[in-house]
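Structure first, then comments.
Throughout, read-outs are computed from the coordinates displayed, never taken from laboratory work. Model, not experiment: these values are computed from the prediction. Here the Cβ is made from the backbone with ideal geometry for all residues, glycine too, and neighbour counts use every protein chain on show.
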Amino acid sequence: MAFLNPSNQLIQIDTGNVLTYLWNPTASPIQPYANIGEIQVLGQRYVGQSNVTTANPAGAPAIYVLAQILSTSAMTLANWQTPAAPAPVYWTDETFTTVTAVYSEAYNSLGNQMVAGYLMANYTSLPKATLAQLLGGYVFVQVAGLLKAAWGPTTTPGSGYNITGSTGNFTSTGSASAPATRPLGVQLNTATAAGLCDILVEADIF
C-alpha cells in the first residue's frame with residue numbers, strides 16, 4: 001500500500017534487499033528482472049526495516065530513497081570498493097534524486113549542507129559490480145533510521161558523536177559537538193577495526 005504521499009510501498013526491489021539493488025538503464029543489469037527498473041520513479045521513498053533478528057522480528061524502522069548515482073570525474077571503482085559498506089553520499093542538484101560520493105560535487109559547492117544519506121549498494125554486497133554499472137545506476141540511499149555496519153567517520157569517530165560530511169569520496173567526520181551543518185546522523189557504537197559502526201541516520205530532507 002502507499003504510505004502517505006511521498007512513500008511508495010509498491011516499489012519493486014528486484015533482489016529483495018536494498019543493499020544489492022543496482023539497476024542501470026544504460027549498462028548490463030547485474031540482477032534478475034532488472035528491466036523492472038524502467039518503471040521505477042526516482043525520488044520514491046520506501047519505508048522498510050533494518051536489524052531484523054529472531055529476538056526483534058519487527059526490526060527497526062528505516063527510510064530509503066530511490067536515487068541515481070552520478071559523478072562527473074573524480075570517483076573511481078577503488079573509491080567505491082574501499083568502504084565495502086554503506087557510505088555517505090551527497091545531493092548534486094535541486095531535484096534531490098541524484099547523488100555523488102564526491103564531496104566537491106555536492107550541489108552548488110555546499111558540501112555538508114547537501115548530505116543525502118548512505119548509499120546502500122556496496123562492494124561487499126555487490127562484489128562483481130563495475131564502475132560502468134554503478135555510475136548512472138538506480139540505487140537506494142538510506143536517509144533516516146537505524147543503519148547497521150555502515151562506513152563510519154574517517155576522522156574523529158566516536159560513540160555518540162554527530163556525523164557530518166567531509167572532503168573526499170564516501171568520507172565523513174565525527175564530532176562530540178552539535179553540528180553546524182546538516183548531519184548525516186549519530187554514531188551509536190565504537191567502530192570496528194574495519195571502520196564500521198551502527199548509525200542513526202538523520203539526513204532526510206523532510
Exercise for the section: Starting with the fewest neighbours, write out 96, 170 ranked by other beta-carbon atoms found within 10 Å of each beta-carbon. Expected result: 96, 170
Practice task
Determine the principal axes of the Cα atoms in region 77-159, then give the extent along each, sorted from largest to smallest and rounded to whole angstroms.
Solution key: 35, 33, 23
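Please order 161, 118 by the number of other Cβ within 10 Å, starting at the fewest.
Listing 161, 118 from fewest to most nearby Cβ atoms yields 161, 118.
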Problem - Estimated [θ] at 222 nm from DSSP helical runs (n ≥ 4, -39500 (n - 2.57)) normalised by residues in the chain, nearest 500 - result: -500 deg cm²/dmol
Handout entry: Cβ-derived FRET efficiency at R0 30 Å, residue 108 paired with residue 53, nearest 0.05
Key = 0.10
Problem - Distance-filtered residues of region 152-170 - backbone nitrogen under 19 Å, label point 7 angstrom along residue 81 Cα→Cβ - result: 169-170
Exercise for the section: Mind putting together the pair-distance distribution for the chain? All Cα pairs, 10 Å bins, whole percent per bin, short to long. Expected result: 9, 38, 39, 13, 1
Practice task
Could you bin all the Cα-Cα distances of region 56-118 into 5 Å bins starting at 0 and give me the percent of pairs in each, rounded to whole numbers?
Solution key: 4, 18, 26, 22, 15, 7, 5, 3, 1
Practice task
Please report 75, 120 as a ranked list, fewest other C-beta atoms within 10 angstrom at the top and most at the bottom.
Solution key: 75, 120
